Amino acid sequence: KHPTPDTRPVTENGDADTPPPPVNPRKRSFDEATLPHWYWQHNEDADPDTEAAWTAYGAAENERLERNFAVKKAVRLNSTYCVSFEHNIQYRADDPAKQRAVRRGTRGSVLREPAERGPVSREPSK
């Protein structure tokens, strides 16, 4: 387990104050399956380098995660869960010791690197 993350609120609504960097319209010609997408590790017994270990976040959660990842700000997803990009974990707001790994992959695969803004962490937190 990682040390307990800083659980102070990021902003009042849980989002970063800074908008995500603009997307260059000329770079939109790539396959949509290569766009960044976030996953949480639902099966800690499965090999983390297999798709079976991971569940994709929904579209709204993914958008918030990506926006906050761009500025490296922790985010509160809802009344139950927060995500720390510093430790690549999702944790319970009421019990930060309860943690699961998060990973940034693509819409097509948790194991593929996104087309924009850097690689996926290959060593998720446990």
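The values are calculated or read from the model by the stated rules, or taken from the named source; none is laboratory data. Keep in mind it's a predicted model, so treat the numbers as computed, not measured. Counting neighbours? That spans all protein chains shown, and the Cβs are built from the backbone with ideal geometry, glycine included.
Can you find even one residue in region 89-102 that is over 17 Å from Ala53 (Cβ atoms), surrounded by 21 or more Cβ atoms within 10 Å (Cβ to Cβ) and either at pLDDT below 95 or not β-branched (Val, Ile, Thr) (or both)? The answer is yes, given that some residue of region 89-102 is over 17 Å from Ala53 (Cβ atoms), surrounded by 21 or more Cβ atoms within 10 Å (Cβ to Cβ) and either at pLDDT below 95 or not β-branched (Val, Ile, Thr) (or both).
Modelled with pLDDT under 95, among the β-branched types (Val, Ile, Thr) and surrounded by 12 or more Cβ atoms within 10 Å (Cβ to Cβ): does that describe Thr7? Criteria met by Thr7.
In region 20-44, of all residues being part of a loop (DSSP other than H, G, I, E, B) and either basic (Lys, Arg) or modelled with pLDDT of 90 or more (or both), the one that is nearest to Val102 (Cα to Cα) corresponds to His42. Asn78 - would you say it is at pLDDT 90 or above and part of a loop (DSSP other than H, G, I, E, B)? Here the answer is yes, as Asn78 does meet what is asked. Is there a residue in region 81-104 that is touching an Asp or Glu at 6+ places or on another chain (Cβ under 8 Å), of a type in the set (A, V, I, L, M, F, W, C) and either more than 18 Å from Pro114 (Cβ to Cβ) or in a helix (DSSP H, G or I) (or both)? Looking through region 81-104, none of the residues is touching an Asp or Glu at 6+ places or on another chain (Cβ under 8 Å), of a type in the set (A, V, I, L, M, F, W, C) and either more than 18 Å from Pro114 (Cβ to Cβ) or in a helix (DSSP H, G or I) (or both).
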